[in-house]
Amino acid sequence: MSAGDIREAGTGSGRRRGGRRGGGRRGEQKMVPQAKFESYYGRPVVKASPWTADIPIYLFLGGVAGGSSLLAAGADLADAPTQRRFGRGVALGAVTGSLVFLIKDLGRPSRFHHMMRVLKVTSPMSVGTWILTAYGPGAGVAVASEMTGLLPARVRRSCLVAPLVRKAPLLGRIGGLWAAAWAPAVASYTAVLLTDTATPTWHAGRREMPFVFVGSAAAASGGLSLIAVPAHETGPARRLAVGGAVLESVAWSVMEQSMGVTAEPLHHGRAGQYTKAARALTIGGAVGAVLGRRSRWASALAGTALAAGSAFTRFAVFEAGQESAKDPKYTVVPQRERLDARQGS
């Protein structure tokens, strides 16, 4: 059964009366009107999530935190101090904002504490809470090591603080590497958080969406560095941004092809507007990052486009999922297709 139409074979399987033996067959004809996907009392088959616009911001900030930690750790090992300081600062700020929006979504701060009572590996929200909790201290230590240089000279020479000041670079490196080790999980677990639900568009993209989010995170964090870091230190950030944009674009195309009818909400309404903006900004930002590498202003403009494109990607996915839950078609059609595939095998 096709998506949207219920068809029966035409009457051409037999010969027309009065026609020649073996005469032409009539093609398939629509015997009933196009199917209308409805549910009892007009209610959706799948209940839309209660999440608000805070969630795509939370998804975006988590990706920025992960990508920035990787850049900062690489800059520390490559002796690029401006990139290191900027990456560490952005990572801590982004993960702090991500935690704020997560706790806001939970409703009460105490619920975040309650989620730490047990690690439930079958719950992406539980695993994500532990990932953020493990990542945060490393990002905090890395930033704290940078702050020692801002202390007054008298404080830095005191007997209590002086040993910490001397060990600050080593502690910062350890904290930065610890955060970088958790960075891929921080950037990708939010995709699992969405696709583990029954929301049709989110669930249908479960295989490719983690790659979309990781690529988007790399593009955003690299793009932010292009805005603020001197040109002579932006080589790694530029390569990360362009590579992330390519990964995101390819994974997005593959995801749409594999999603079937549930990809439609990505191109309709507000989600469609976000999708168009995300694709244009991401591709345009990547091209600008390559062609404008010798221009400070061109690099900053490209970085802004990449960061904005990453944010729009999260909003597009979020809005499309919410819309797909409202229309029974996006639940019923994939179920019928899976049933037909099983019966045909």
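Each reported figure results from applying straightforward, stated rules to the coordinates on display, with no laboratory input. This is a predicted model, so every value here is computed, not measured. Because the Cβ atoms are built from the backbone with ideal geometry, glycine has one as well, and the counts that use them run over all protein chains shown.
Once you charge only the Cβ atoms, +1 for Lys and Arg and -1 for Asp and Glu, what is the size of the charge dipole of the range 48-324 about its Cα centre, to the nearest 20 debye?
Its charge dipole is roughly 1060 debye.
Could you tell me the calculated FRET efficiency between Ala198 and Ala144, based on Cβ-Cβ distance and R0 = 41 angstrom, to the nearest 0.05?
0.45
Whole angstrom only: what separates the Cα centroid of the range 112-186 from the Cα centroid of the range 276-345?
With the range 112-186 and the range 276-345 each reduced to a Cα centre, they are spaced 32 Å.
In whole Hz, what ³J(HN,Hα) sequence does the range 65-75 give by Karplus (6.51, -1.76, 1.60; θ = phi - 60°), x for Gly and Pro?
For the range 65-75, the Karplus curve yields 4, x, x, 5, 5, 5, 5, 5, 5, x, 5 Hz.
Hey, with R₀ at 30 Å, roughly what FRET efficiency would Arg270 and Lys104 work out to, going by the Cβ-Cβ distance, to 0.05?
Once the sixth-power term is evaluated, E becomes 0.85.
Which whole-Hz ³J(HN,Hα) couplings does the range 45-50 yield from phi under the Karplus relation 6.51 cos²θ - 1.76 cosθ + 1.60, θ = phi - 60°, glycine and proline marked x?
5, 10, 7, 5, 5, x
Given the peptides 252-258, 324-330, 205-211, 335-341, arrange them by the average over their residues of other C-beta atoms within 10 Å, most packed first.
By packing density, highest mean first, the sequence is 324-330, 205-211, 252-258, 335-341.
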